[in-house]
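Chemist: One structure is given below, represented as structure tokens, and several questions about it will come after.
The values are calculated or read from the model by the stated rules, or taken from the named source; none is laboratory data. Just so it is clear, the structure is predicted and the values come from calculations on it, not from any experiment. Cβ coordinates were reconstructed from backbone atoms using ideal geometry, including for glycine residues, and neighbour counts include every protein chain displayed. Protein only, heavy atoms only, side chains kept; ligands, DNA and RNA dropped before computing areas. Shrake-Rupley method; radii C 1.70, N 1.55, O 1.52, S 1.80 Å.
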Amino acid sequence: MNDEYYIREAIKEADKGITNKEGGPFGAIVVKNGEIIARGNNKVTSTNDPTAHAEIVAIRNACKNLNSFQLDDCVIYSSCEPCPMCLGAIYWARPSKLIFAASRNDASDAGFDDSLIYREIALAPEKRLIETKQILRDEAIIIFDKWIDSSDKTKY
């Protein structure tokens, strides 16, 4: 099996999701050592969860199946270039590779435009469209210091 086989499996997940009316036209799979260990399709509208994108669903399933919070030596195949949220989750999961089919421009043409989010990320918090302010930083830093000083933490 090769990348084309696995990307077709991700595309099948996208098709399954829209056929079952679970969410948007997105699918993803996670592969480790040539075996599909997890699948996911967009479930935003069926679960009322704006974070239930295909890649997030697949990552959650893979981590559960591997009993790990990281996807070492795994490849994520996505039917579309991941949005900023999913890309962040992918980096946190630390797979060895990401392969996708459709582009973010293709998604935009279908009504899923992430360009606003990409622009907002680059702005200072006080310049973003959603009112954003920082308060009680000194109190929050105490928790980071506690983490730093902890000898029994699980680093990630």
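Chemist: Taking Cα atoms, how many degrees apart are the long axis of helix 54-66 and the longest axis of the chain, rounded to 10 and kept between 0 and 90?
Modeler: The helix 54-66 is inclined about 80 degrees to the chain.
Chemist: Here's another thing I want to ask about it. Modelling each spin label as a point 7 Å along the Cα-to-Cβ direction, I'd like the S96/R128 distance in nm, to one decimal.
Modeler: Result for the modelled spin labels: 3.5 nm.
Chemist: What FRET efficiency comes out for N2 versus S103 if R0 is 35 angstrom and r is the Cβ-Cβ distance? Round to the nearest 0.05.
Modeler: Working from the Cβ atoms, E equals 0.95.
Chemist: Sticking with this structure for a sec: Find how much the distance from N65 to T45 grows on full extension, using 0.36 nm per residue of separation minus their present alpha carbon separation; answer in nm with one decimal.
Modeler: 4.7 nm
Chemist: Just grab the label-to-label distance for Y156 and I18, each label 7 Å out from Cα along the Cβ direction, in nm (one decimal).
Modeler: With each label placed 7 Å out from Cα toward Cβ, I get 3.3 nm.
Chemist: Please report the carbon-and-sulfur percent of the accessible area for the chain; probe 1.4 Å, protein heavy atoms only, DNA, RNA and ligands left out.
Modeler: The computed percentage sits at 53.
Chemist: Please compute the per residue accessible area over the chain with all protein chains in place, 1.4 Å probe, rounded to a whole number of Å².
Modeler: Heavy-atom SASA per residue in the chain reads 67 Å².
Chemist: For A38, enumerate residues with amide H under 5 Å from its amide H, sequence gap 5+ or separate chain, H modeled in the peptide plane.
Modeler: It is V30, by chain and number.
Chemist: Under 5 Å between amide hydrogens, which residues at least 5 positions from F26 or on another chain qualify, with H placed 1.01 Å from N in the peptide plane?
Modeler: Here N42 satisfy the definition.
Chemist: Also, quick follow-up: Applying 1/(1 + (r/R0)^6) with R0 = 22 Å to the Cβ-Cβ distance of I142 and M85, what FRET efficiency is obtained, to the nearest 0.05?
Modeler: Calculated value: 0.15.
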